[in-house]
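Taking it in order: structure first as structure tokens, then the write-up.
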Amino acid sequence: EEGGWKLAESLLEQAASACEDPRQLGLVYMRQGTVALRLGAYEKAVGAFDAAAKTWTGLETEAQFNAGLTSVRQGNLRRAQTDLAALSAKGGAEALAAELELEIALRRASDGHSQAVEMLQAFVRKHPGHARLGDARVALAEICVKDAALSQDMVGSQQAKALRVRAAALLQTVANDQQS
């Protein structure tokens, strides 16, 4: 319930004001970010995740990932790309960077951005063993089906048919992949 989240928000604010240990304060900021996210207060969530990263460097990678995901949800893909670049540059953050890369590509696909296909294909090429590879392929198949419907009217049935065949092949690949 929202009332419970509001209470949690209030308690975490009290904890942050009373906390002197940087590690514990960083954890409080992380929880504040999570609560703000649940409440749909995206700017506040990103601010809390940023504060956690600055307060205790041990949380920097996780906080940056959470800020990036929050930015994707908010639709601030520039900020998400900045977080992705920072995660990609860090050693040991490859899995989180790949996850954020996929989330950005999926958001672009859902928004109908022209770069979505390129980003999804790049994800499939760069991360052939990723656990969510099927998600990228399903999104590509959905784009093919949408483009096939548009091509049917504009270009002709040959291109539409090729797009539908491509979509079917992508979905078959996902169906045959035990990991997906």
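If you roll a 1.4 angstrom probe over the protein chains with everything in place, what fraction of the accessible area of the chain belongs to carbon and sulfur, to the nearest %?
Values: 5260 of 10260 Å².
In the chain, the share of accessible area belonging to carbon and sulfur is 51 percent.
Could you order the peptides 102-108, 118-124 from most to least packed, using the average number of other C-beta atoms within 10 Å per residue? Let's see the in-between values first.
Working: 102-108: 21.6, 118-124: 17.9.
Top of the packing list down: 102-108, 118-124.
State the extension gain, in nm to one decimal, for the chain segment bounded by ARG38 and ASP21, taking 0.36 nm per residue of separation less the distance between their alpha-carbons. Before the final figure, lay out each step's value.
Values: separation 17, 0.36 × 17 = 6.12 nm, distance 2.58 nm.
Gain on extension, ARG38 to ASP21, equals 3.5 nm.
Quick one: length gained pulling GLN172 to GLU142 fully straight, 0.36 nm per residue minus the C-alpha distance? It would help to have the intermediate numbers written out before the result.
Numbers: separation 30, 0.36 × 30 = 10.80 nm, distance 1.31 nm.
Full-extension gain reported as 9.5 nm.
Mind pulling the angle between the C-alpha long axis of helix 2-18 and the longest principal axis of the chain? Nearest 10 degrees, somewhere in 0 to 90.
That works out to roughly 50 degrees.
Using θ = phi - 60° and the Karplus form 6.51 cos²θ - 1.76 cosθ + 1.60, what ³J(HN,Hα) does each residue of segment 113-120 get, whole Hz, x for Gly and Pro?
Using θ = phi - 60°, the values come out as 5, 5, 6, 4, 4, 4, 5, 5 Hz.
Pairing the Cα long axis of helix 42-55 with the longest principal axis of the chain, what angle in degrees results, from 0 to 90 and rounded to the nearest 10?
For 42-55 against the chain, the angle is about 60 degrees.
Hand me the trypsin sites (Lys or Arg not before Pro) from segment 41-95 located in a DSSP loop with no more than 15 other Cβ atoms within 10 Å, in residue order please. Walk me through the numbers on the way to the answer.
Numbers: sites: LYS44, LYS54, ARG73, ARG78, ARG79, LYS90; in loops: LYS90.
Those satisfying the criteria are LYS90.
Quick one: if you take sqrt(5λ) for each eigenvalue of the C-alpha gyration tensor of segment 94-180, what semi-axes come out, biggest first, whole angstrom?
Working: eigenvalues 118, 47, 13 Å².
Listed largest to smallest, the semi-axes of segment 94-180 are 24, 15, 8 Å.
Excluding ligands and nucleic acids, what accessible area in Å² is computed for GLU101 using a 1.4 Å probe, to the nearest 10?
We get 20 Å² for GLU101.
Along the charge dipole of the chain, which of TRP5, ALA167, MET30 sits closest to the positive end, that is, farthest toward it, with unit charges on the beta carbon of Lys, Arg, Asp and Glu (+1, +1, -1, -1)?
Farthest along the dipole direction, towards plus: ALA167.
With volume of the Cα convex hull per residue in Å³ defined as stated, name the option among (i) 135; (ii) 248; (iii) 126 computed from the structure displayed.
The calculated read-out lines up with (i).
Express the accessible area of the chain per residue in Å², computed with a 1.4 Å probe while the remaining protein chains stay in the model. Show your work: numbers first, answer last.
Values: 10260 Å² over 180 residues.
Per residue, the chain has an accessible area of 57 Å².
Of GLN158, GLN81, ALA48, which is farthest towards the positive pole of segment 31-174's charge dipole, taken about the Cα centre with +1 and -1 on the beta-carbons of Lys, Arg and Asp, Glu respectively?
Toward the positive end, the furthest listed residue is GLN158.
Divide by every residue of the chain the summed helix terms, -39500 (n - 2.57) for each DSSP H run of at least 4, and state the resulting mean residue ellipticity at 222 nm, rounded to the nearest 500 deg cm²/dmol.
Details: 9 runs with 147 residues, N = 180.
Value at 222 nm, helices only: -27000 deg cm²/dmol.
Hey, what did the chain get for relative contact order, percent, Cα under 8 Å, at least 6 apart?
Numbers: 201 pairs, mean separation 20.5, N = 180.
Value for the chain: 11 percent.
The values are calculated or read from the model by the stated rules, or taken from the named source; none is laboratory data. What you are looking at is a predicted structure, and each value in this text was computed from that prediction instead of being measured. Here the Cβ is made from the backbone with ideal geometry for all residues, glycine too, and neighbour counts use every protein chain on show. The protein model used for the area step is the full one, side chains on, heavy atoms only, and it has no ligands, DNA or RNA in it. Shrake-Rupley method; radii C 1.70, N 1.55, O 1.52, S 1.80 Å.
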